[in-house]
């Protein structure tokens, strides 16, 4: 991270009114967005008969659009390509429906033959429970409750028992004669609605595919004419995500259903094709679809076999196939391309099933993907992407700062270890640790952090550095095992850290606990390079003065200031150190030095050997062998009291 970027991150509180206005604007936008979403949900609920066919048509058009594009690239005319794709898709759906209906009819005819096995298994369970008394106690409790209810009912009727009994009226049943036309109407009317919906969906899909470019242009004109690149990106993202998800989910479900059907057929389960097809469809329902598809074959295995082995084999077949699908097929074919978090998938399934019933449950994931794409590309609906998306909503340094504020260095250490699996420790401190401390310094300057919170952040940061000491030791051992041709560690900032063997450095916190934490990070990086490094906290040298600096044997001292307005303080401490030890190299680590919001600092003005803005740069400059900058003598323009101006003193003779 450059110094300009860091300075933008750590702006002084001069723009506070602007931040407040921006926060108020965001709150208003969030409130209006929530009201809009509630209104849309109500409209979707009330207009279910209209919006369900539209949603089905839209998703099918997303699915068939790649097929139409593929045919168009092969010089197939547009109308022919659309008709071929739509006819093929709906023929496949029709064949699927016919096969399922045939299998269901066959299953219904064979159900009475399975009743005996079910009765026998129920009796065996009852006998097994009778041995330990569990089922026996339950049945007796139910009997007692029933007897109590019957006794109370008799007692409530006892006052009227002495009244003379009256003859109960004979029930009369009215039988109406219906003509054949009315009977035919009663049979056909329930079928008209689904067939009409299916026909409407077919027509809508055809016209959506034929007029796809025109619909796209109209949508852009309606919502995004002033921001064409964003609207175009949203349309492309939505089409890619939804279309790929539906196609890949269909492929995954097919590869899941084929071995299930073959395995059930090999085990002797009746209507194996039916269970495979139902599994294919039910897996479109997130999480619970696969469980529902497994329960029915398990129940049938329980009914057709006298023992329990068939049930175990069927369960093992489903579990094995599920593990292979989840761990091999899904990551290979589409992985997490939907962009939804697991919790969002569950919540969306509940919402859409409440809104549109079973059909909404099946369409919940692709519909929610559309909402996430909308929130990702339209700022007014950004809350949807935050709530439903799977992208991190906090940057790594923001997440670290939040954990430090909460006083939880352990979770911060876990996150750091994940980062360090692919990066070096110096990269973590420069890209995550130091920016997190700068956020704390910014809040301190704004006055939003109490003294206790500052102490908590500083102590948590020191605990984080201590927790990462094992990783630092591992990196140090790797450095020692490198060949002599490798000068050091190449970092993400393209700097090469020198070998620190034989070097001794002192890292000093400039003006607070947060500076002490940054100094500890720098000290650990120096130790990784093989140098001997110690730290001195701000509280020590603020209370004890120069006596707090352990500079014996130290060749370089680095003072850390997170506050860019520390030029005068830095000058004083640099001069103090050089007076104590003239041959000492003294440098500064100031991430916001020469930033946009701070006055420029020239190292020669404060007698510093170097001023760096990152830990990697400070470590590199601190390990350089060079002659220290001499302390400039301050020329006094007034004469000593008691001596005339221009007259030499006795000491000068």
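The values are calculated or read from the model by the stated rules, or taken from the named source; none is laboratory data. These figures come from a predicted structure and were not determined experimentally. Neighbour counts run over all protein chains shown; Cβ positions are idealised from the backbone, glycine included.
Counting the residues of the range 503-533 that are over 34 Å from the mean Cα position of the chain (by Cα) and closer than 16 Å to residue 433 by Cα gives 2. Being within 27 Å of residue 53 (Cα to Cα), buried (at least 19 other Cβ atoms within 10 Å of the Cβ) and touching a residue at least 24 places away in the same chain (Cβ under 8 Å) is a property that holds for residue 356. Residues of the range 583-598 include at least one that is at pLDDT 85 or above, more than 28 Å from residue 428 (Cβ to Cβ) and in a loop (DSSP other than H, G, I, E, B). Taking the conditions exactly as written (crowded, with 19+ Cβ neighbours inside 10 Å, in contact (Cβ under 8 Å) with a residue 60 or more places away in the chain and assigned to a helix (DSSP H, G or I)), does residue 273 satisfy them or not? So residue 273 does not fit the description; no.
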